[in-house]
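**Student:** This is the structure I have questions about; it appears just below.
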Amino acid sequence: MTEQAKRYPVPETIRERAWVDEAAYRTRYQTSVESTNAFWLEEAKRLDWFSKPQTAGNVSFSPDSVSIKWFEDGTLNACYNCLDRHLDTKGDQVAFHWEGDDQAKTDSITFKALHERVCRFANGLKDLGVKKGDTVTLYMPMIPEAVVAMLACARIGAIHSVVFGGFSPDALANRIVDSGSRVVITSDESVRGGKQIPLKENVDEALDRPGTEVVEHVVVVKRTGADIETTERDRWYDDVVADQSAECPAEPMKAEDPLFILYTSGSTGAPKGLLHTTGGYLLYASMTHHDIFDVHDDDVYWCAADVGWITGHSYIVYGPMANGTTSVLFEGVPSYPDHGRIGEIIDRYGVTILYTSPTMVRSLMAQGDHIMDSSSRQSLRVLGSVGEPINPEAWQWFYRVIGNSQCPIMDTWWQTETGGVMITPLPGATELKPGSATHPFFGIQPALYDNEGNELEGATEGNLIIKASWPGQARTIWNNHERFVQTYFSTFDDVYFTGDGCRRDEEGYYWITGRIDDVLNVSGHRMGTAEIESSLVAHEAVAEAAVVGFPHDVKGQGIYIYVTLNEGVTPSDELRSELVKWVRKDIGPIATPDVIQWAPGLPKTRSGKIMRRILRKIAANELDGLGDTSTLADPSVVDDLIDHRAG
Ligand code: 6R9
């Protein structure tokens, strides 16, 4: 039997105590799509509402009137649901076991202690003039203060916009300007793999850019104590919280009031700020977290993502905290001080649920099985994967080596736009097939369309769309509803277009095949080819650039760039490394090009459109399948590109 065809039935020990078994999945799924509103009103009881909603969805996917609302008449506070409501029963339970990059640096914070810290900082933010509806940008390492800051914003009704700490000053500046943030929260430095990254210096550089004058204050957490420059607008975090009361009422928010903005890459243009609102998002994050990881009170849960991504928002902060789950928060990287780190953390805290990415699995797999010898990982019960397709070999290794062949793997497919997981197994309900995200979560109605918008039935492959709304869905793009409509609701009528391709097998299992647009997925990080191209053409030596993805053993996809230089510029290795540095500096290390090929010409149609299909094939070294090149303005450029393939 091929690896891919192997199946993994639900382990008996898991089924016995699972919240959802196979029969329950079937009946509840049926109800969720047949009586959608009644289903979600019932599920809404998972949250504590200041006033309970009487209505569920009020949605239009029609392109001229796209509008998505859930539980409109309800009021609640996300922070209250994550902290206050646990205090009576779980006040002394650990909310986060924090482990620093240096493993000697740790902190275990109870729900009660976290509540106090959040209230003090929330009061501090108020003193800095932050009000309900204001946006606040966070540019922070994986330290407890990042969670404190997110929840403090939610507590007072401010909208947080978390920018991943690996982004450059320019990328940060663009996000600060677009979101209109009046306050930025950062730290002196961050530490990853023993190296310091100058976050505060990056913020200062970002705030030199035009448009950032809206920023009134920068709050700085002392992480390393590095000697940093300070300006008038800076406030030390410690000073902001000093003398603040540990009481701060949680602001009653309408379910549709914004909770956060999170920027992500699209196929064209600048990154877009997806807006998530309070009630529907929180319900969907907590319910998916509860059912997909089958979370019980004695679990210790670890999502090894960064809070700068949607996975961190939904499955480090809001989902687990709303469920009162004890979690691990890890500042460092899996390879430092050595590759045994992940296993050692699992043993140290008795982690029962591990949620990570295929890239991390592949990077450990490349080291060989022995790197797991320094840990037993016997506490693990359930594993999860997110961010990109997991190839069956990596799935098997994750299962056999990390999970000791005892733990089912939840391959969860979802997006920044979806707020929470959409297609996934459930531990007590789903027979697994390595590489398949299996079945839709409750309330989710996926379908496969051909390019003309006809629904395809049975075993087939096509464009993945979702037929009806769900509470966790993003409501709009900040400042640009038109782009929201254009991107997700104009390709096909009356459905949400995901941008992913997908196959469905004879048994109705879904297999995500990857992006069908010009979005790259490098180590689970989304990047627009257009963003990288516009960075390159801003360099004085570059006339034109075309970026495509190519298969990469560890990262899933690597970045392959074809560069046409300006007249008179001589290609050289120095110029190549200069361009690599240029992109890293402009966008951030996650956009580091893997391969740059000099291209005297790019394959274009007669109307001037770059034929990326051909460039992708050359990058992947699939030279037999170039297809029809007769529509090219100059077919000979293809031969030149093949002759000079790089990498
Ligand atoms: C959560 C997250 C979304 C894109 C998505 C898809 C890819 C995510 C996946 C997966 C195959 C999975 N993706 N999970 N592909 N299997 N289990 O990653 O959000 O950063 O917005 O990326 O990631 O292509 O469209 P985001």
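**Student:** Restrict the check to segment 440-453 and report whether at least one residue is open to solvent by 10 Å² or more (accessible area, probe 1.4 Å) and touching a helix residue (DSSP H, G or I) at 6+ places or on another chain (Cβ under 9 Å).
**Tutor:** yes
**Student:** If I filter segment 459-474 down to residues being part of a loop (DSSP other than H, G, I, E, B) and open to solvent by 40 Å² or more (accessible area, probe 1.4 Å), which single residue comes out as farthest from residue 281 (Cα to Cα)?
**Tutor:** Step by step, filter segment 459-474, then rank; the result is 459.
**Student:** Let me ask you something else. Do you know which residues across segment 409-433 are within 12 Å of the ligand (Cβ to nearest atom) and either in a loop (DSSP other than H, G, I, E, B) or more than 17 Å from the chain's Cα centre (by Cα) (or both)?
**Tutor:** Matches in segment 409-433: 409, 414, 415, 419, 420, 421, 422, 424, 425.
**Student:** Further question: If you check 368, 387, which single one turns out to be on the phi > 0 side of the Ramachandran plot and surrounded by fewer than 19 Cβ atoms within 10 Å (Cβ to Cβ)?
**Tutor:** Only one candidate qualifies: 368.
**Student:** Right, residue 518: in contact (Cβ under 8 Å) with a residue 40 or more places away in the chain, away from the ligand (no atom under 16 Å from the Cβ) and closer than 29 Å to residue 612 by Cα or not?
**Tutor:** no
**Student:** Which of the residues spanning segment 243-295 are surrounded by fewer than 22 Cβ atoms within 10 Å (Cβ to Cβ) and among the polar types (S, T, N, Q)?
**Tutor:** Matches in segment 243-295: 244, 245, 264, 267, 268.
**Student:** Looking at segment 503-515, is at least one residue among the charged types (D, E, K, R), out of contact with any Lys or Arg (no Cβ under 9 Å at 6 or more places or on another chain) and within 11 Å of the ligand (Cβ to nearest atom)?
**Tutor:** Step one: filter segment 503-515 for residues among the charged types (D, E, K, R), giving 503-507, 515.
Next, from what is left, pick out any that are out of contact with any Lys or Arg (no Cβ under 9 Å at 6 or more places or on another chain): 503-504, 506.
With within 11 Å of the ligand (Cβ to nearest atom) added as a condition, the list becomes none.
For segment 503-515, residues among the charged types (D, E, K, R), out of contact with any Lys or Arg (no Cβ under 9 Å at 6 or more places or on another chain) and within 11 Å of the ligand (Cβ to nearest atom): absent.
**Student:** Pull out all pairs, ordered by first then second residue, where Cβ-Cβ is under 6 Å, the residues are six or more apart or on different chains, the first lies in segment 445-468 and is closer than 22 Å to residue 29 by Cα and touching a residue at least 60 places away in the same chain (Cβ under 8 Å), and the second is surrounded by 13 or more Cβ atoms within 10 Å (Cβ to Cβ) and of a type in the set (Gly, Ala, Ser).
**Tutor:** Within 6 Å, the pairs are 445/468.
**Student:** Show the residue pairs meeting these rules: Cβ distance below 6 Å; 6+ apart or different chains; first residue within segment 204-227 and in contact (Cβ under 8 Å) with a residue 40 or more places away in the chain; second residue outside any helix (DSSP H, G or I) and open to solvent by 40 Å² or more (accessible area, probe 1.4 Å).
**Tutor:** Here the result reads 216/182; 217/233; 217/235; 219/235, each pair linking segment 204-227 to a residue that is outside any helix (DSSP H, G or I) and open to solvent by 40 Å² or more (accessible area, probe 1.4 Å).
**Student:** Restricting to strands (runs of 3 or more DSSP E) lying wholly in segment 145-231: which have 2 or more residues that are among the polar types (S, T, N, Q) and open to solvent by less than 10 Å² (accessible area, probe 1.4 Å)?
**Tutor:** Qualifying strands (runs of 3 or more DSSP E): 183-187.
**Student:** Given the criteria farther than 30 Å from residue 164 by Cβ and outside any loop (DSSP other than H, G, I, E, B), does residue 629 qualify?
**Tutor:** Here the answer is no, as residue 629 does not meet what is asked.
**Student:** I'd like to check which helices (runs of 4 or more DSSP H) are fully inside segment 7-103 and have at least 1 residues that are closer than 28 Å to residue 433 by Cβ. Reasoning before the result, please.
**Tutor:** On the way: elements: 12-17, 22-34, 36-43, 78-82, 87-90.
In segment 7-103, the matching helices (runs of 4 or more DSSP H) lie at 12-17, 22-34, 36-43.
**Student:** So if I check each of 626, 602, which one is open to solvent by less than 40 Å² (accessible area, probe 1.4 Å) and under 21 Å from residue 542 (Cβ atoms)?
**Tutor:** That would be 602, the only listed residue that is open to solvent by less than 40 Å² (accessible area, probe 1.4 Å) and under 21 Å from residue 542 (Cβ atoms).
**Student:** Within segment 500-522, track down each residue that is more than 15 Å from residue 451 (Cα to Cα), of a type outside the set (Gly, Ala, Ser) and either open to solvent by 60 Å² or more (accessible area, probe 1.4 Å) or in a loop (DSSP other than H, G, I, E, B) (or both).
**Tutor:** Of everything in segment 500-522, those that are more than 15 Å from residue 451 (Cα to Cα), of a type outside the set (Gly, Ala, Ser) and either open to solvent by 60 Å² or more (accessible area, probe 1.4 Å) or in a loop (DSSP other than H, G, I, E, B) (or both) turn out to be 505, 506, 507, 509, 513, 518.
**Student:** Residue 497: within 16 Å of the ligand (Cβ to nearest atom) and in a helix (DSSP H, G or I), yes or no?
**Tutor:** Against the criterion (within 16 Å of the ligand (Cβ to nearest atom) and in a helix (DSSP H, G or I)), residue 497 does not qualify.
**Student:** Let me ask you something else. Six or more apart or on different chains, Cβ atoms under 7 Å: show the pairs whose first residue is in segment 238-258 and more than 16 Å from residue 52 (Cβ to Cβ) and whose second is open to solvent by 60 Å² or more (accessible area, probe 1.4 Å).
**Tutor:** Sorted first by the residue in segment 238-258, then by its partner, the pairs are 238/222; 241/120; 244/120; 246/116; 246/120; 250/80; 251/132.
**Student:** Still on this structure, please answer the following. When both residues are 6+ apart or on different chains and their Cβ atoms are under 6 Å apart, which pairs have a first residue that lies in segment 588-609 and is without any contact (Cβ under 8 Å) to a residue 24 or more places away in the chain and over 27 Å from residue 553 (Cβ atoms), and a second that is of a type outside the set (Asp, Glu) and open to solvent by 30 Å² or more (accessible area, probe 1.4 Å)?
**Tutor:** The qualifying pairs do not exist here.
**Student:** While we're looking at this one, here's another question. Anything in segment 387-408 that is more than 30 Å from residue 271 (Cα to Cα), among the aliphatic types (A, V, I, L, M) and within 14 Å of the ligand (Cβ to nearest atom)? List them, or say none.
**Tutor:** At the first step, the residues of segment 387-408 found to be more than 30 Å from residue 271 (Cα to Cα) are 392-408.
Checking the rest, the ones that are also among the aliphatic types (A, V, I, L, M) come to 394, 401-402.
394, the sole residue that qualifies.
**Student:** Right, here's the next one. Among the residues of segment 469-490, which ones are more than 12 Å from the ligand (Cβ to nearest atom) and either among the aliphatic types (A, V, I, L, M) or free of Cβ contacts under 8 Å to residues at least 24 places away in the same chain (or both)?
**Tutor:** 477, 482, 485, 486
**Student:** Ok, one more. Given the conditions (1) under 17 Å from residue 358 (Cβ atoms); (2) crowded, with 19+ Cβ neighbours inside 10 Å, and given that residue 529 satisfies all but one, which numbered condition is not satisfied?
**Tutor:** Every listed condition holds for residue 529 apart from (1).
**Student:** So if I check each of 628, 594, which one is out of contact with any strand residue (DSSP E or B) (no Cβ under 8 Å at 6 or more places or on another chain) and of a type in the set (Asp, Glu)?
**Tutor:** None of the other options fit; the residue is 628.
**Student:** Just to be sure, is residue 567 without any contact (Cβ under 8 Å) to a residue 40 or more places away in the chain and of a type outside the set (Ser, Thr, Tyr)?
**Tutor:** For residue 567, the condition - without any contact (Cβ under 8 Å) to a residue 40 or more places away in the chain and of a type outside the set (Ser, Thr, Tyr) - is met.
**Student:** Further question on the same structure: Got a sec? Which of 312, 308 is within 16 Å of the ligand (Cβ to nearest atom), surrounded by fewer than 24 Cβ atoms within 10 Å (Cβ to Cβ) and outside any loop (DSSP other than H, G, I, E, B)?
**Tutor:** Answer to the selection: 312.
**Student:** Just to be sure before I move on: is residue 52 under 19 Å from residue 252 (Cα atoms), out of contact with any strand residue (DSSP E or B) (no Cβ under 8 Å at 6 or more places or on another chain) and either in contact (Cβ under 8 Å) with a residue 12 or more places away in the chain or open to solvent by less than 40 Å² (accessible area, probe 1.4 Å) (or both) in the structure I sent? Don't jump to the end; show me each part of the working.
**Tutor:** On the way: under 19 Å from residue 252 (Cα atoms): yes; out of contact with any strand residue (DSSP E or B) (no Cβ under 8 Å at 6 or more places or on another chain): yes; either in contact (Cβ under 8 Å) with a residue 12 or more places away in the chain or open to solvent by less than 40 Å² (accessible area, probe 1.4 Å) (or both): yes.
So residue 52 passes the test.
**Student:** Within segment 532-572, how many residues are open to solvent by less than 60 Å² (accessible area, probe 1.4 Å) and not in a loop (DSSP other than H, G, I, E, B)? Write out each step before concluding.
**Tutor:** Initially, segment 532-572 is screened for residues open to solvent by less than 60 Å² (accessible area, probe 1.4 Å), giving 532-533, 535-536, 539, 541-550, 552, 554-566, 569, 572.
Now restrict to residues that are not in a loop (DSSP other than H, G, I, E, B): 532-533, 535-536, 542-550, 552, 556-565.
Of the residues in segment 532-572, 24 are open to solvent by less than 60 Å² (accessible area, probe 1.4 Å) and not in a loop (DSSP other than H, G, I, E, B).
**Student:** May I pose another question? Quick one: what pairs do we get from segment 13-27, first residue open to solvent by 90 Å² or more (accessible area, probe 1.4 Å), second acidic (Asp, Glu) and modelled with pLDDT of 95 or more, C-beta under 9 Å, 6+ apart or different chains?
**Tutor:** Final answer for the pair search is 19/291; 19/294.
**Student:** Of the conditions (1) touching a His at 6+ places or on another chain (Cβ under 7 Å); (2) at pLDDT below 95, residue 528 clears all except one; give me its number.
**Tutor:** Checking residue 528 against (1) touching a His at 6+ places or on another chain (Cβ under 7 Å); (2) at pLDDT below 95, the one that fails is (1).
**Student:** Mind checking whether some residue in segment 192-208 is within 30 Å of residue 87 (Cα to Cα) and touching a Lys or Arg at 6+ places or on another chain (Cβ under 9 Å)?
**Tutor:** No.
The values are calculated or read from the model by the stated rules, or taken from the named source; none is laboratory data. These figures come from a predicted structure and were not determined experimentally. Cβ: placed from backbone, ideal geometry, glycine included. Neighbour counts: every protein chain shown. Keep in mind that these areas ignore ligands, DNA and RNA; they rest on the heavy atoms of the full protein, side chains included. Shrake-Rupley method; radii C 1.70, N 1.55, O 1.52, S 1.80 Å.
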